[in-house]
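Taking it in order: structure first as structure tokens, then the write-up.
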Amino acid sequence: MFPSQTQLCYANLQLRSSNSESKQQKKLTMASSMVSKKQKKKKDKYSLSDLKTLGHQLLSSRAHVNNLPLLLSFITTSTRPQYALESLLSLQSFFTPLLPELPSSSLSSSLSSESQGDPEFIYRTWVRSKFDDFVQSLMEIAICSQSDEALRVYSSLEVDDILLDLLASKYFKYIDIRYFTYISFEKLSRSIGANDIADNKKESLDTTDVKQPESSLDLSVHKLYHLLSRIPPLEGSDDKSEYNMWNAAGIFTGKGNDKGHTGKQCKDESTNIKVLSPANIAKKMKLKFTKAWISFLRLPLSVDVYKEVLVNLHQIVIPYLSNPLMLCDFLTRSYDIGGVVSVMALSSLFVLMTQHGLEYPNFYEKLYALLEPSIFMAKHRAKFFQLLDSCLKSPLLPAYLAAAFCKKLSWLSLAIPPSGALVIVALIHNLLRRHPSINCLVHQEDANETTEDITGAERGTDGSTEDSNASKEISSVKPGIDPFDDKQKDPLKTNAMRSSLWEVDTLRHHYCPPVSRFVLSLETDLTVRAKTTEVAVKDFSSGSYATIFGDEIRRRVKQVPLAFYTATPTMLFPESDFLGWTFKLKDEDNTGVLDNTSKENGHISAKRSRVESS
């Protein structure tokens, strides 16, 4: 069948329109190229006032749109700072109101021919390409070492909080900007990890006595973390959630028959484009969020950034990851380091174990190794003690493990400040209440009677030669000697079940009244769980000398001790205060003579000089 005359006319009109559109686009491209050629010749002839005039013309009418490429030519690393700054301000004022209306760079090629034939669409597409050139020029100025210091931001020695606050307040509220930021962040992390690590290795070979500034790798990592931590997390993932977008016709668009997106799709009335459902948007955002953080954590972090990441990881990262177990390697390596780093990693590791099913075989051995006197002066000790109490809450813990923690805490109470002793008493109280099988530690007169039974129970053996030798060795210990080994890192080998909490008894006579009063709570029968309650460790975990003193000042004293004498005292120190000493007066010069008249158990007291009578 041959086409009709009407169809031929319609095809001819379409061909003419497409030819006219292509000619119009070619003319616009040729005009911009001609302008760019003229720019190279006349760029040096423009003054600062001329640039201001070009900017005002561009903002006043679309007829002066050819000033746009001319102003862009001044955003280079070789341009004088005053000229570049003047062009930058004019271009910012021009692009800012137009950005929500500009099409996406990737979307312009996928739209239908009808929308591409619109002259307004052609104009906006051209403006979008110039905006991309503008952003690229700004990035070159920011990272180029040859650009002027007044225009550089990325290579400054301090983080520019003004720019970060601007991003967080104005632009990070748009979810599509956050999405592309995560994508760019992942690429930056990979490029930094590939390039700057090799550069640092080369720099480390040069050993000079001159003090080197902060390395470019540490500076880059520091800025990346501050940028990544300022991005607000995704809130809400159901179909009722609403997200603000900078460009509705951006990445979160899809077709009705798209098999990859099963959720509901919304329709933007202004652009007539189907937008993905909030559930699908949240899924894509979680994926990019996870990739950005994982790529960042693979970088060699400085000590300051490393500690700050560990402190905030369980709050700002783990709840929003697509798969939180991807942090398992990073957290286990941090937990194995020991010291303060292990304390900081404990929060995130505890979340993975309790909420995401992470299995860590040597968790309690590493936790036991963290019990050192220095932990009671650490900055994050309050959170550590609360997590320690939570980790020891399970009734399924073996008796030897609960006894080891209880005895180690009791032993530490002799070498820490009073605030730490209060925390220890609270932890021991909870351990004794949760695990009645270790209440024998409160009062154990003769630990050697059940040595063989305890040895078999702990080692899980049936009386082998090795166990019998061990029991003989332990039974040979003299009475009064504590069998607990405080240097042992393995809780199973500490002999805690054969020891007792004699250190807690010494706290009854502690010089700090709150400690001695609090120890009295252990005198109750903790085996009767119905009559006792657990102590809230968080009430004592952040204590110090200042808090103890403040509590004592605010405490109401019911009875005030008064000095009462039946007779008027004749001397400042009565003889009852110095048992075994006799005070004699010499008639001649009335000088007090101190005479030592008693010797107990062969102990000779300190001798005083005597005044012998002539």
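The values are calculated or read from the model by the stated rules, or taken from the named source; none is laboratory data. Quantities reported herein were computed from a predicted structural model and do not represent experimental measurements. Because the Cβ atoms are built from the backbone with ideal geometry, glycine has one as well, and the counts that use them run over all protein chains shown. To get the accessible areas, we keep the full protein, side chains included, count just its heavy atoms, and leave off ligands, DNA and RNA. Shrake-Rupley method; radii C 1.70, N 1.55, O 1.52, S 1.80 Å.
Summed over the residues of the range 495-566 and divided among them, the accessible surface reaches 74 Å² per residue at a probe radius of 1.4 Å. With a cut-off of 12 Å between beta carbons, the residues surrounding Ser184 carry a summed charge of +4, where Lys and Arg count +1 and Asp and Glu -1.
Accessible area per residue (1.4 Å probe, heavy atoms of protein chains only) ranks Met344, Met353, Met571 as Met571, Met353, Met344, with the largest value leading.
Each principal axis of the Cα atoms in the range 292-429 has its own extent, and those three values, largest first, are 46, 33, 20 angstrom. For the range 64-73, putting each phi into the Karplus relation 6.51 cos²θ - 1.76 cosθ + 1.60 with θ = phi - 60° gives couplings of 9, 5, 5, 6, 4, x, 5, 5, 5, 5 Hz, in residue order, rounded to whole numbers and with x for Gly and Pro. Excluding ligands, DNA and RNA, the accessible surface per residue across the range 299-422 is 41 Å² with a 1.4 Å probe. To put it simply, the accessible area of the range 315-452 at a 1.4 Å probe is 53 percent carbon and sulfur. Once backbone amide H atoms are built at 1.01 Å from N, Ser322 has Thr290 as its partners under 5 Å, excluding neighbours fewer than 5 places away on the same chain.
Oblate is the label for the range 492-541, because the ratio a/c of its alpha-carbon gyration tensor axes (a ≥ b ≥ c) is 1.5 or higher and a/b is not greater than b/c.
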